[in-house]
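Colleague: Here you go, one structure.
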Amino acid sequence: MRYIVSLSIILVIFSGCAQKVRMKALEPAEVDRAANTKLIAVTSFKNDRVGLSSKIESILAKQKLDNKNFFTLMSRSDLNKIIAEQKVQNSGLMDTSTAVQVGRLMGAQALISGDVGDVSMQDTNYYETRIKCADSKCKNTYTYNVLCTKRVVGLSAQLRMVDITKGDIIYADTLSKNIEWAHCQDDSRAMPSREMGAQQLALNIAKRFAYKLTPHYRHFEVTLLEDPDLDYNDRQKSLLKNSLVYIEQGRNDKAEKLLIELINSTGKQSYVPFYNLGVIKEAQGKYVEAQNFYGVADNLMVEPVDEINAAVKRIKSAIIKRKKSQEQMAR
């Protein structure tokens with residue numbers, strides 16, 4: 001499912017009785033130093049029968065933030081030419097000094113190399129019980145067993161990213177993924193093959209690797225407060241109710257006016273409108289304003305309110321993470 005959040009429009013969904021707002025927050029790359037190396041080259045990996053290096057190269061080339069490419073990928077053909085001229089084997093590029101030598105000849109800031117493990121596959125048989133009608137009106141039934149197979153396919157790869165300028169390792173780790181299917185004899189669908197599983201796992205590993213290197217958006221939902229925390233009169237109840245309707249309809253401007261009127265009419269003693277205003281501002285990316293509204297709600301709160309406690313901690317973390325992400329993007 002794809003989530004899209006605009007700064008001017010908040011999409012609201014319902015989960016049970018709680019009205020929620022979909023949010024997105026900018027998260028920094030897990031590997032901070034990767035942000036210093038925007039000009040990179042991806043070598044052909046050792047034992048790469050699943051095209052992992054090409055998948056990583058393709059995904060990194062498509063990484064965008066604010067409609068701008070985060071990385072610049074250097075030509076694979078130029079890289080292969082230099083490797084051939086230097087008489088370097090792909091396995092040799094796992095050595096830091098060799099990777100630095102090749103990267104400098106390329107003019108790259110970082111070089112990514114890898115060693116792909118063998119694809120594993122394990123089939124386990126088991127039985128499942130079925131119930132079938134014994135007559136046309138299904139007054140009587142009987143049970144029988146069918147043979148089923150659980151298939152687990154696994155793949156791992158050693159990946160390294162070397163800083164060409166500093167001559168050291170930015171990232172080195174083994175990423176592993178498994179995928180599982182179940183198939184029974186009475187199932188008309190075919191069991192996916194080892195090769196199909198391997199291709200999917202290679203794509204999953206490539207996405208995970210790119211995710212570690214790049215700032216990205218995290219999508220989540222935040223619950224609005226719908227019940228008064230004070231003894232509201234009819235007008236105040238109407239203000240709260242209609243503000244929630246306007247949020248649902250994407251009319252944040254109108255919802256804000258109603259919530260501000262509610263704040264004033266309750267003598268600024270109700271935390272509900274302050275909190276809901278904070279949610280609107282957070283969804284708009286106005287974190288400082290959101291933090292101020294959440295702070296007031298927190299001060300007015302006597303007994304703990306889970307939504308407010310979570311908001312106070314979340315917005316503080318969001319401000320720090322966005323600043324770090326912007327620093328990474330600006331390098």
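The values are calculated or read from the model by the stated rules, or taken from the named source; none is laboratory data. No experiment lies behind these values; they were computed from the predicted model shown. Glycine also receives a Cβ, built like all others from the backbone with ideal geometry; neighbour counts cover every protein chain displayed.
Colleague: Kindly establish whether THR37 is farther than 22 Å from LYS177 by Cβ, hydroxyl-bearing (Ser, Thr, Tyr), crowded, with 17+ Cβ neighbours inside 10 Å and over 18 Å from the mean Cα position of the chain (by Cα). Steps first, answer last, please.
Modeller: Values: farther than 22 Å from LYS177 by Cβ: yes; hydroxyl-bearing (Ser, Thr, Tyr): yes; crowded, with 17+ Cβ neighbours inside 10 Å: yes; over 18 Å from the mean Cα position of the chain (by Cα): yes.
It is true that THR37 is farther than 22 Å from LYS177 by Cβ, hydroxyl-bearing (Ser, Thr, Tyr), crowded, with 17+ Cβ neighbours inside 10 Å and over 18 Å from the mean Cα position of the chain (by Cα).
Colleague: Pick from the range 52-87 the residues that are under 19 Å from GLN109 (Cβ atoms), among the small types (Gly, Ala, Ser) and modelled with pLDDT of 90 or more: which of them is nearest to the chain's Cα centre (by Cα)?
Modeller: ALA61
Colleague: State all residues of the range 159-201 that are buried (at least 16 other Cβ atoms within 10 Å of the Cβ) and among the charged types (D, E, K, R); if no residue qualifies, say none.
Modeller: ARG160, ASP163, LYS177, listed by residue number.
Colleague: I would also like to ask the following. I'm trying to understand the selection: among the residues of the range 107-150, which are under 29 Å from the mean Cα position of the chain (by Cα), in a loop (DSSP other than H, G, I, E, B) and of a type outside the set (S, T, N, Q)?
Modeller: ALA108, GLY117, ASP118, VAL119
Every residue, every condition in (1) of a type outside the set (S, T, N, Q); (2) under 30 Å from ASN69 (Cβ atoms); (3) without any contact (Cβ under 8 Å) to a residue 24 or more places away in the chain, yes or no:
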residue	(1), (2), (3)
THR129	no, no, yes
THR143	no, no, yes
GLY167	yes, yes, no
TRP181	yes, no, no
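Colleague: Report yes if ALA190 is in contact (Cβ under 8 Å) with a residue 12 or more places away in the chain and at negative phi, otherwise no. It would help to see each step written out before you state the result.
Modeller: Details: in contact (Cβ under 8 Å) with a residue 12 or more places away in the chain: no; at negative phi: yes.
In short, no.
Colleague: Residue under question is ASP298, and the condition is that it be surrounded by fewer than 21 Cβ atoms within 10 Å (Cβ to Cβ), more than 21 Å from ALA25 (Cβ to Cβ) and either at pLDDT 95 or above or among the basic types (Lys, Arg) (or both); does it hold?
Modeller: When the stated conditions are applied, ASP298 does not pass them.
Colleague: All but one of (1) part of a loop (DSSP other than H, G, I, E, B); (2) exposed (fewer than 15 other Cβ atoms within 10 Å of the Cβ) hold for SER44; which doesn't?
Modeller: Here SER44 clears every test but (2).
Colleague: Within 30 Å of LYS68 (Cβ to Cβ) and at pLDDT 95 or above, is that true of ASP173?
Modeller: Values: within 30 Å of LYS68 (Cβ to Cβ): yes; at pLDDT 95 or above: yes.
In short, yes.
Colleague: Now, a different point. Would it be correct to say that LEU175 is within 24 Å of the chain's Cα centre (by Cα), part of a strand (DSSP E or B) and either assigned by TED's automatic domain parsing to the domain that holds ALA41 or aliphatic (A, V, I, L, M) (or both)?
Modeller: Working: within 24 Å of the chain's Cα centre (by Cα): yes; part of a strand (DSSP E or B): yes; either assigned by TED's automatic domain parsing to the domain that holds ALA41 or aliphatic (A, V, I, L, M) (or both): yes.
Against the criterion (within 24 Å of the chain's Cα centre (by Cα), part of a strand (DSSP E or B) and either assigned by TED's automatic domain parsing to the domain that holds ALA41 or aliphatic (A, V, I, L, M) (or both)), LEU175 qualifies.
Colleague: Out of all the residues in the range 116-148, which are of a type in the set (A, V, I, L, M, F, W, C) and either assigned by TED's automatic domain parsing to the domain that holds VAL50 or surrounded by 12 or more Cβ atoms within 10 Å (Cβ to Cβ) (or both)? Give the derivation first.
Modeller: We begin by selecting, within the range 116-148, every residue of a type in the set (A, V, I, L, M, F, W, C); these are 116, 119, 121, 131, 133-134, 138, 146-148.
Of everything in the range 116-148, those that are of a type in the set (A, V, I, L, M, F, W, C) and either assigned by TED's automatic domain parsing to the domain that holds VAL50 or surrounded by 12 or more Cβ atoms within 10 Å (Cβ to Cβ) (or both) turn out to be VAL116, VAL119, MET121, VAL146, LEU147, CYS148.
Colleague: Here is a follow-up. I'd like the residue in the range 60-93 that is in contact with a Lys or Arg (Cβ under 6 Å, 6 or more places away or on another chain) and part of a helix (DSSP H, G or I) and, out of all such residues, is surrounded by the fewest Cβ atoms within 10 Å (Cβ to Cβ).
Modeller: It comes out as SER91.
Colleague: Tally time: how many residues in the range 282-309 are more than 22 Å from GLY267 (Cβ to Cβ) and without any contact (Cβ under 8 Å) to a residue 60 or more places away in the chain?
Modeller: Residues flagged as more than 22 Å from GLY267 (Cβ to Cβ) and without any contact (Cβ under 8 Å) to a residue 60 or more places away in the chain within the range 282-309 amount to 8.
Colleague: Being free of Cβ contacts under 8 Å to residues at least 60 places away in the same chain, in a helix (DSSP H, G or I) and either crowded, with 21+ Cβ neighbours inside 10 Å or among the aliphatic types (A, V, I, L, M) (or both) is the filter here; which residues of the range 264-280 pass it?
Modeller: TYR271, VAL272, PRO273, PHE274, TYR275, ASN276, LEU277, GLY278, listed by residue number.
Colleague: Quick check: is even one residue across the range 193-206 of a type in the set (Asp, Glu) and part of a loop (DSSP other than H, G, I, E, B)?
Modeller: At the first step, the residues of the range 193-206 found to be of a type in the set (Asp, Glu) are 195.
Checking which are part of a loop (DSSP other than H, G, I, E, B) leaves us with none.
Within the range 193-206, none of the residues are of a type in the set (Asp, Glu) and part of a loop (DSSP other than H, G, I, E, B).
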